[in-house]
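Undergrad: One structure is given below, represented as structure tokens, and several questions about it will come after.
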Amino acid sequence: MRKYFFEVLTILLYGGSMVFFYECVRFLAKRDYVASLVLMFVGLAVIRAGSELARLAMIERQ
């Protein structure tokens, strides 16, 4: 059961990071570079957390 929980959370975190990157591009189009930079770092942190959960899901699978 934990394996599926980790897999679902991984997918949600990857999707959430894509939303942050989309918003980052929108702020770049508005020439708001500081907000875009902050959103890029948040997106990278979320994708890092998703990759760690994906690693845990792979360990649970064994």
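Undergrad: Just round it to a whole percent: the fraction of Cα-Cα distances in the chain exceeding 17 Å.
TA: Cα-Cα pairs of the chain separated by over 17 Å account for 44 percent.
Undergrad: Between helix 2-29 and the chain, what is the angle of the helix's C-alpha long axis to the longest principal axis, kept within 0 to 90° and rounded to the nearest 10?
TA: 10
Undergrad: Another question, then. Run the numbers on the chain and let me know its relative contact order in percent, using alpha-carbon pairs under 8 Å that are six or more apart.
TA: For the chain, the relative contact order is 52 percent.
Undergrad: With labels modelled as points extended 7 Å from the Cα through the Cβ direction, what inter-label distance (nm, one decimal) is found for A29 paired with R2?
TA: 4.3
Undergrad: Among E7, E52, which comes first, second and so on when ranked by fewest other beta-carbon atoms within 10 Å?
TA: In order of increasing Cβ crowding within 10 Å: E52, E7.
Undergrad: Something else: Taking the chain as the reference, fit the longest principal axis to its C-alpha atoms, fit the long axis of helix 33-61 to the helix C-alpha atoms, and give the angle between the two in degrees, 0 to 90, nearest 10.
TA: Orientation of helix 33-61: about 10 degrees from the principal axis.
No lab work stands behind these numbers, since they all come straight from the coordinates. No experiment lies behind these values; they were computed from the predicted model shown. So basically every Cβ, Gly included, is an ideal-geometry build from the backbone, and we count neighbours across all protein chains shown.
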